[in-house]
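What follows is a single structure, written as structure tokens, with notes after it.
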Amino acid sequence: QISEAEVALFSVSSYACQRRTTLDNHNSNLTDALSLLAENAELSNEDGRGVAFRRAAALLKALPTQVISMSQLRGLPCLGEHSLRVIKDVLENGVSSEVESTKQSKRYKALKILTGIFGVGAKTADRWIREGIYNLEQLRDSGQTLNRAQKAGLEHYDDLNEPVTKAEADAIGEIVQKAVNSVLPGSEVALTGGFRRGKLTGHDVDFLITHPEEGKEVGLMPKVVAWLESQGFLLYQKTTRNSYLESKDGPARPASNMDRFERCFSIFKLTKRKEQETASHKIWRAVRVDLVVSPISQFAFAVLGWTGSKLFERELRRWAGHEKNMSLSSHALFDNTQNKYLRATSEEEIFAYLGLEYIPPSERNA
Ligand code: 8DG
Ligand code: MN
Ligand code: MN
């Protein structure tokens, strides 16, 4: 029996970008439950609910010790009524009944399987489910028309659902570096995404490419892709052109969170090292890779925007808008009060403009 006075109370900032969140999570029993409900909400087009569960999970990830009693949570931000109910259930019963019933529901299982196909989002999966398609076999038999991405996704389904290791990410990094150096010497490649935050595995590998001389990076992506293709490294690629310069609605205030860099969604063919070869004798495996090209003048913003986590990024933008009257994107920071762009060459400068303590990548795992 723990008395009220003995219970550790936490004091935590309400924005995830004000907190240090390492990969050392003391409350994974609770955050796993909330993350699953977040995922289910996102897959059901209930984004508001999704964010609420993500925020609650992120808050618990930032706590220095394991929560053992509801009373420890008193006064903490980000915990809504629904999240508290889930937490209470887990603390009292070991599991959340809502999570358990979600996991077992036919719809959730189908959404997981179908959105596990690269190129298939919640909307497509939902349409297929309404047509009676719940798994890959039914999809194959249905005669549904698949686009190029979905065909590749289905073909490499098992590989792409196998987590990518840091060693694989590094091996791909070397290939990308070689490609970039071959087509434009002096270019630089930065590993971003989860691996930059210190994660040991990921669902893909994210790279940002730039050149120290402004303008040299223009047209770089097609050349990099052509080189990779000629060397047989690509199983699939879709390159989208930079639309930043052409847009009329002002660079720091894009219509959505999507940025306008030249980017390439790809599937790499990665040759396995001897010891990784499996019984199937397949000597290569498919790995999802995202490539983004940024001009050097926007590089700091791009690195910050592509390092994640997704919630950390969302919270940075919310902080900028609500607390600082600024607009942050992966391209720029605009100060709406001074009516001007704020230049930066490092992430540290951007945090300083935002009036935030600098949080290194390894502590952005919100
Ligand atoms: P994971 O791959 O290990 O699962 O995790 P991750 O690396 O954190 O996730 P991710 O889905 O690869 O996304 C990496 C970061 O890139 C994340 O902060 C979100 C960001 N990101 C996209 N798409 C876009 C986009 O269109 N614009 C911008 N600015 N950022 C994006 O995934
Ligand atoms: Mn990633
Ligand atoms: Mn990615």
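Observations on the model:
- If you go through segment 255-286 and keep only what is assigned to a strand (DSSP E or B) and within 11 Å of ligand 1 (Cβ to nearest atom), you end up with 263, 265.
- Index of the failed condition, residue 297 passing every other in (1) assigned to a helix (DSSP H, G or I); (2) surrounded by 22 or more Cβ atoms within 10 Å (Cβ to Cβ): (2)
- Scanning segment 32-58 for residues that are of a type outside the set (A, V, I, L, M, F, W, C) and either surrounded by fewer than 16 Cβ atoms within 10 Å (Cβ to Cβ) or more than 17 Å from the chain's Cα centre (by Cα) (or both) yields 32, 44, 45, 46, 47, 48, 49.
- Annotation note: Cβ proximity below 7 Å between a residue of segment 264-279 that is more than 15 Å from residue 158 (Cα to Cα) and a residue that is at pLDDT 90 or above and acidic (Asp, Glu) (sequence gap 6+ or interchain) occurs for 265/290.
- Selected residue (only one of 151, 216, 178 is surrounded by fewer than 18 Cβ atoms within 10 Å (Cβ to Cβ), away from ligand 1 (no atom under 15 Å from the Cβ), outside any helix (DSSP H, G or I) and of a type in the set (Lys, Arg)): 216
- Residues in segment 304-326 that are small (Gly, Ala, Ser) and away from ligand 1 (no atom under 13 Å from the Cβ) were compared, and the one that is nearest to residue 293 (Cα to Cα) is 320.
- Just one residue in the set 363, 313 is charged (D, E, K, R) and farther than 16 Å from residue 208 by Cβ; that residue is 363.
- Test result for residue 96, more than 19 Å from the chain's Cα centre (by Cα), over 20 Å from residue 312 (Cα atoms) and exposed (fewer than 13 other Cβ atoms within 10 Å of the Cβ): no
- Checked against (1) assigned to a loop (DSSP other than H, G, I, E, B); (2) closer than 22 Å to residue 223 by Cα; (3) touching a Leu at 6+ places or on another chain (Cβ under 7 Å), residue 185 passes all but a single condition, namely (3).
- Residue within segment 349-360 that is of a type in the set (Asp, Glu) and out of contact with any helix residue (DSSP H, G or I) (no Cβ under 8 Å at 6 or more places or on another chain) present: no
- Across segment 160-184, the qualifying residues are those that are within 15 Å of residue 293 (Cβ to Cβ) and free of Cβ contacts under 8 Å to residues at least 24 places away in the same chain, and the one among them that is nearest to ligand 2 (Cβ to nearest atom) is 177.
- Against the conditions (1) over 25 Å from residue 365 (Cβ atoms); (2) at pLDDT 95 or above; (3) in a loop (DSSP other than H, G, I, E, B); (4) within 16 Å of ligand 1 (Cβ to nearest atom), residue 344 satisfies every one except (1).
- Taking the criterion of being of a type in the set (Gly, Ala, Ser) and either more than 16 Å from ligand 3 (Cβ to nearest atom) or farther than 13 Å from residue 291 by Cβ (or both), the residues of segment 185-243 that qualify are 186, 187, 194, 198, 202, 215, 219, 226, 230, 232, 243.
- Residue count for segment 66-121, restricted to those that are in a helix (DSSP H, G or I) and of a type in the set (Val, Ile, Thr): 7
- Subset of segment 190-213 (residues that are part of a helix (DSSP H, G or I) and without any contact (Cβ under 8 Å) to a residue 24 or more places away in the chain): none
- All of 279, 252 fail the test of being surrounded by fewer than 18 Cβ atoms within 10 Å (Cβ to Cβ), at pLDDT below 75 and farther than 22 Å from residue 207 by Cβ, apart from 279.
- Any hit, segment 72-79, residues being aliphatic (A, V, I, L, M), crowded, with 18+ Cβ neighbours inside 10 Å and over 25 Å from the mean Cα position of the chain (by Cα): yes
- Checking residue 89 against (1) touching a residue at least 60 places away in the same chain (Cβ under 8 Å); (2) in contact with an Asp or Glu (Cβ under 8 Å, 6 or more places away or on another chain), the condition it does not meet: (1)
The values are calculated or read from the model by the stated rules, or taken from the named source; none is laboratory data. Since we're looking at a predicted model, the values are computed, not measured. Ideal geometry is used to build each Cβ from the backbone, glycine not excepted, and the neighbour counts take in all protein chains shown.
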